[in-house]
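Remarks on the structure that follows.
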Amino acid sequence: MIYWPMNNQTHSQLSDAERKKIISKSRLLARLARPQNTRLSILLFAAAGIADNLNVGQLVVGSFTIFCLYATANSLNDLADVDIDRANNRNLPLAAGALGRQDAKKAGFLFLVLSLIGAASTTNVALLATVLSGLMLGVAYSWQPIALERRGLLGTLCLSLCYVGIPIALAWSFNEYQSYDWKLLLGITILESSVLLFKDFKDERGDRAFGKRTPLVRYGQKGLYYLAAIFFILGCITTYHKMGTAYIIGVLICAAALALLFTINQSKRGIYAYNGGMLLIAGSVLF
């Protein structure tokens, strides 16, 4: 009878240790997936979906699929860029050594399977094709020998399609593209490319050291500013449908945010404001 409490205590301690390990691993996987970066994608999907009369179930399935698509692409990107991320002192699970390569590969495969399950659950061929397109873009962005992230503006446009183009197309695919606006899709992709150019500033040192030819490395800071301005103007022209209040306010917010980013290259306020303005522009077309 003396040993029973000790055995129960040992069992309890092991359970606590296992629980803590599971919680720790879950947090690392969440950091790998970076769900906070899917906010714009899910909001654009929801806006396009509501405009296309999707029901709540479809909105939930679509949002879950977008998260899994992004998490898959993120896992691949972290695996491909682990040395660059270390050179840039990025506090990412893989670069920091908190998560092993095998764990990251398993997580990426799991997210990939979940994204396909989400699409396949609807038995909608158009939806499945759109999800597969998103997966292929995510792979093409990071994985050798294609690695579009190393190919200047091709990488920026590919990333923009993943962030904003695929989510909007995904909403239309639920109704098998019975209603769509390719002009909006093109314009929003171009607009997002403008602000995505600024993400290269935080990684410039590692990109240069490892020969990653991003737009900033290729064209320099001044050239990048010109490109951002050109993309912004082209995006505004392409998305223009009517001179409504939401469109005007959205363009003005984006312009002000871009001016802020020209002054403070990595301003989070500038990026958030730009994306907010872009949502208004998209909404003025969708509704």
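Computed values, structure above
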| item | result |
| --- | --- |
| C-alpha center-to-center spacing [the stretch 179-233, the stretch 255-283] in angstrom | 13 Å |
| Net length gained if the chain between residue 186 and residue 229 were fully extended (0.36 nm per residue, minus Cα distance) | 13.8 nm |
| C-alpha center-to-center spacing [the stretch 105-131, the stretch 59-101] in angstrom | 18 Å |
| For the stretch 216-287, diffusion coefficient by Stokes-Einstein and Kirkwood Rh (Cα), 4 °C, 1.567 mPa s, µm²/s | 103 µm²/s |
| Cα shape, the stretch 67-137, gyration tensor, a/c 1.5 rule | prolate |
| For the chain, Kirkwood radius (reciprocal of mean inverse C-alpha pair distance, Å) | 20.3 Å |
| Efficiency of FRET from Cβ geometry, residue 86 and residue 25, R₀ 30 Å, rounded to 0.05 | 0.90 |
| Note, ³J(HN,Hα) from phi for the stretch 122-128, Karplus 6.51, -1.76, 1.60, rounded to Hz, x at Gly and Pro | 8, 6, 10, 5, 4, 5, 4 |
| Global form of the stretch 141-246, assessed from the alpha-carbon gyration tensor, a/c cut-off 1.5 | oblate |
| Cross-link partners of residue 21 among lysines (Cα-Cα below 28 Å; sequence separation of 8 or more within a chain) | 105, 106 |
| Segment residue 144-residue 241, length gained on full extension (0.36 nm per residue, minus Cα span) | 31.0 nm |
| From phi via Karplus (6.51, -1.76, 1.60), per-residue ³J(HN,Hα) for the stretch 253-259 in Hz, x at Gly/Pro | 5, 4, 5, 5, 5, 5, 4 |
| Computed over the stretch 177-287: relative contact order in percent, which uses C-alpha pairs under 8 Å that are six or more apart | 33 percent |
| The stretch 194-287: trypsin sites (Lys or Arg not before Pro) in DSSP coil with no more than 11 other Cβ atoms inside 10 Å | 242 |
| Residue 266 versus residue 36: modelled label distance in nm, points set 7 Å from Cα along the beta carbon direction | 1.4 nm |
| Å² per residue, accessible surface of the stretch 130-287 at 1.4 Å | 46 Å² |
| Estimated translational D of the stretch 20-147 in µm²/s (Stokes, Kirkwood radius over Cα pairs; 37 °C; 0.692 mPa s) | 212 µm²/s |
| Solvent-accessible area, 1.4 Å probe, carbon plus sulfur percent, for the stretch 67-197 | 64 percent |
| Mean residue ellipticity (222 nm) of the chain, computed from DSSP H runs ≥ 4 via -39,500 (n - 2.57), nearest 500 | -24500 deg cm²/dmol |
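The values are calculated or read from the model by the stated rules, or taken from the named source; none is laboratory data. Worth saying up front: this structure is predicted, and the values here are computed from it rather than measured. In this analysis, Cβ positions are derived from the backbone assuming ideal geometry, glycine residues included, and neighbour counts consider all displayed protein chains. Quick note on the areas: whole protein, heavy atoms, side chains included, nothing else; ligands and nucleic acids left out. Shrake-Rupley method; radii C 1.70, N 1.55, O 1.52, S 1.80 Å.
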